Amino acid sequence: MMLFDIKLPKVDGLEIPQWIKPDPNPKARPVVTLTSSREGRDLLRSYNFGTNAYVVKPMSFRFFTETVEKVGLFWGALNKPPSTAERES
């Protein structure tokens, strides 16, 4: 799983999924936008560039860590990605 913020220095974070997705190996690797932006246009651009989830991070450190744990639990334990054989067919 790859977590990133859209507000990065020197690069438009919304373009990161676009850079990652063309490579065939990480296609099944989830790309999650974890950001403070609640802007509808950022959410839409993020999905248009290929992100798999858009999570608005809480400002409180405690709630932030809980959110990251929940995202990790979902992608690491609950989500069922295709097997390698299924991806290659």
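The numbers here are math on the coordinates, done by the rules we state, and not lab data. Since we're looking at a predicted model, the values are computed, not measured.
List the residues, sorted by chain then number, that are 5 or more residues from residue 5 or on another chain and whose placed amide H is less than 5 Å from its amide H.
34
With θ set to phi - 60° and the Karplus curve 6.51 cos²θ - 1.76 cosθ + 1.60, what are the ³J(HN,Hα) couplings of the range 6-13 in order, to the nearest whole Hz, using x for Gly and Pro?
Ordered by residue, 3J(HN,Hα) equals 7, 9, 10, x, 6, 8, 7, x Hz.
How large is ³J(HN,Hα), in whole Hz, for each residue of the range 44-54 in order, when computed from phi with the Karplus curve 6.51 cos²θ - 1.76 cosθ + 1.60 and θ = phi - 60°, using x for Gly and Pro?
Values per residue, Gly and Pro as x: 5, 4, 4, 5, 5, 7, x, 5, 9, 7, 10 Hz.
Which cross-chain or sequence-distant (5 or more) residues have an amide H under 5 Å from the amide H of residue 53, H modelled 1.01 Å from N in plane?
31, 33
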